[in-house]
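To start, the structure under review is shown below, and the notes come after it.
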């Protein structure tokens, strides 16, 4: 056994220490163990190790303190952090300090061994995530962040935070939960994490959990055997097996039926799937990224989502802000979509009038980036000039953005549009208090409800 296979395992939990050390030895590694930081430092002073694996919460020396002191003895020492108290801040701190992986307890032994092998392979290859390696994708301290990152666009600080989280968590194997309203770009975040991970050469498989009936969804996820049910004329692998060695993106995870949640939890825990109608479990190696526009914590409280599955998915949460919280990004996004659709249509359109940009910045965009993209596509098709103006935008956009100070475009405005604008403005100012809005408008509540239905008005979701 060479130093290339020698691992130092540190944990103050005797059972975890024995279990993980036994797994390492069985897998062909040489494993030294330490129940605390001081014992680990004494071992490091006597010999070199290929990898340090340490728990975070230990007394009197925590895992991060141990890591810092260990690298005073062996500057190029790669490390994996394991913790029973996973958090975004913990993941960010660990990976910023050159940790190659961040495992949240409880985890399966096979997941642990896979992380060890990946860390050793990456360290041997001089991976940028290893200690001492330069991260050329990270801007210099104080430098402005990118306006475009992978397929995401935005200079707003909230988006810069998202970019940094993607950079930080991508090299790890931990499960990620992406949250945000519909249309904010959750799938693009998942794809960016995959492309920057050690699994980039593997498949990136997407599935929308709300697109299938319960029975069909289980077959889609886990596969089925031939003859498992009526119509199963041939066996099906399922997306977990298709994503083996890569990343599986489960969109709209909040729509997963409770029965399917139980089965998904087992797959995450055991790292194996059992096809519908089958008797044999099949091992899978998949990095899981889930996404939802729901508040899963609230769904847990209502009994609609399993708490244990929620904790399994919410190891590293990434939240995408709604577009109304970053209006400074709207001109940037609008120009990006303008270039895209103008090229597709063979049009020469130079940009937007200041008035059009002002209207778009004031509109709340309940459909977020996806709605903005659709609005720009429509404007490119309808625009008769070389610059997009207010009248080229969809009625709902120019209706909310127009002002009541006489700046209407008199050759295009209609009485119904003015009525809609006034009703929208009053509803917004009263927080959609129907009684108060009706009083301000001088109409009955029944009439106001009728107008709301007529114009298809919808209250913006609270942020």
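Evaluate the distance, in nm, between pseudo-label points positioned 7 Å from the Cα of residue 235 and of residue 348 along their respective Cα→Cβ axes.
That separation, rounded to one decimal, is 6.1 nm.
Figure the gain on full extension for residue 117 and residue 36 (residue separation times 0.36 nm, minus the Cα-Cα span) and round it to one decimal in nm.
Net length gain for the segment: 26.8 nm.
When 1/r is averaged over all different Cα pairs and the result inverted, which Kirkwood radius in Å belongs to the stretch 186-283?
With all distinct Cα pairs of the stretch 186-283 included, I get 14.0 Å.
Would you kindly state how much longer the chain becomes between residue 445 and residue 5 on full extension, computed as 0.36 nm times their sequence separation minus their alpha carbon distance, in nm to one decimal?
This chain segment gains 150.9 nm when fully extended.
Please order 289, 434, 166 by the number of other Cβ within 10 Å, starting at the fewest.
434, 166, 289
At 7 Å along the Cα-to-beta-carbon direction for both residue 311 and residue 18, put a label point, then send me their distance in nm to one decimal.
2.3
Per-residue counts of other Cβ atoms within 10 Å, averaged by peptide: what ranking do you get for 279-285, 314-320, 327-333, highest first?
Highest to lowest by the protection proxy: 314-320, 327-333, 279-285.
So between residue 332 and residue 46, what do we pick up on full extension, going 0.36 nm a residue minus the alpha carbon distance?
97.3 nm
Can you sort 390, 81 so the residue with the fewest Cβ neighbours within 10 Å comes first?
Ordered from fewest to most neighbouring Cβ atoms within 10 Å, 390, 81 come out as 390, 81.
Taking other Cβ within 10 Å of each residue's Cβ, how do 102, 449, 163 sort, fewest first? Mind dumping the intermediate values first?
On the way: 102 26, 449 12, 163 21.
Starting with the residue having the fewest Cβ neighbours, the order is 449, 163, 102.
Using the alpha-carbon centroid of each, what span in Å lies between the stretch 344-359 and the stretch 438-459?
33
So, in nm, how far is label residue 201 from label residue 75 when the simple model puts each one 7 Å beyond its Cα toward the Cβ?
3.0
Any read-out appearing in this document is the output of simple, stated calculations on the displayed coordinates, not a laboratory observation. These figures come from a predicted structure and were not determined experimentally. Positions of Cβ are backbone-derived with ideal geometry, glycine not excepted, and every protein chain shown enters the neighbour counts.
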